[in-house]
1. Restricted to segment 145-172, and to residues that are hydrophobic (A, V, I, L, M, F, W, C) and modelled with pLDDT of 75 or more, which residue is surrounded by the fewest Cβ atoms within 10 Å (Cβ to Cβ)?
2. Can you list residue pairs whose Cβ atoms sit under 7 Å apart, with the first residue in segment 79-97 being assigned to a loop (DSSP other than H, G, I, E, B) and the second being among the basic types (K, R) and open to solvent by 40 Å² or more (accessible area, probe 1.4 Å)? Count only pairs 6 or more apart in sequence or on different chains.
3. Among the residues of segment 61-71, what is the count of those that are closer than 17 Å to D148 by Cα and either open to solvent by less than 20 Å² (accessible area, probe 1.4 Å) or part of a strand (DSSP E or B) (or both)?
4. Of all the residues that make up segment 98-135, how many are part of a loop (DSSP other than H, G, I, E, B) and surrounded by fewer than 19 Cβ atoms within 10 Å (Cβ to Cβ)?
5. Using the structure shown, decide if F175 is over 30 Å from A98 (Cβ atoms), at pLDDT below 80 and under 25 Å from the mean Cα position of the chain (by Cα).
6. Among the candidates E84, E58, which residue alone is open to solvent by 70 Å² or more (accessible area, probe 1.4 Å), more than 16 Å from the chain's Cα centre (by Cα) and of a type in the set (D, E, K, R)?
7. Does at least one position in segment 13-32 carry a residue that is modelled with pLDDT of 90 or more and more than 25 Å from G109 (Cα to Cα)?
8. How about segment 92-114: which of its residues are of a type in the set (V, I, T) and modelled with pLDDT under 95?
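The values are calculated or read from the model by the stated rules, or taken from the named source; none is laboratory data. It should be emphasised that the depicted structure is a prediction, and the values quoted were computed from it without experimental measurement. Cβ placement follows ideal geometry from the backbone for every residue including glycine, while neighbour counts extend to all protein chains displayed. The accessibility values were calculated without ligands, DNA or RNA, using every heavy atom of the protein model including side chains. Shrake-Rupley method; radii C 1.70, N 1.55, O 1.52, S 1.80 Å.
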Amino acid sequence: MRKSLQFILSTIIFLVAMPFGTVVSAQENKIESIHIDVELHEDGSATVRETRQTEMHEDTELYIEMINLQDSELLDFQVEGFTEEPDWDIDASFEEKAYKYGVLDVDNGYELAWGISEYGPQEYNLSYSLSNMVRELEDGQALFWNFDTFLSHPADRMTLEVHAPFPLEEEVLDF
């Protein structure tokens, strides 16, 4: 009986004291917002500029996966304030990727990657150009593109603007 009472008291003390112990809170990587600005060109190519507000607490890089481009081709990629690394190594360290960006050829496309560089809140401004983003159809032209480039990091907010060298009139647009 005495051992049973001692066990019960020990359990109660443990349960009462437990909330006062050290609480470890894991912070998640997240993209708070993405603003995508698409500038269409007369030849059907486009320049895409993205501003990403992020809060990163782990990992070494962010990337955009571009697969199944069909007849589109990546023309260029840049991250503002970063230096191009022509031989991007996904296994490089956090320090080796800091303030660098690169392009990886992957099956059926590309990965546009850049180093996180600093943990905590960050803003990344990047741009890339693609050929044949606007496609000729029998009865018109179409922009059919997947702008979901944030993959496993959910975005709290996303805005998309499209600009063209010609009027984008509501009555002729089907979206």
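1. F166
2. Hits for this filter: F82/K100; E85/K100.
3. The number of residues fulfilling the criteria is 7.
4. Qualifying residue count for the region: 8.
5. Details: over 30 Å from A98 (Cβ atoms): yes; at pLDDT below 80: yes; under 25 Å from the mean Cα position of the chain (by Cα): yes.
So F175 fits the description; yes.
6. Result of the check over E84, E58: E84.
7. Within segment 13-32 (the criterion being modelled with pLDDT of 90 or more and more than 25 Å from G109 (Cα to Cα)), the answer is no, since none of the residues qualifies.
8. V106
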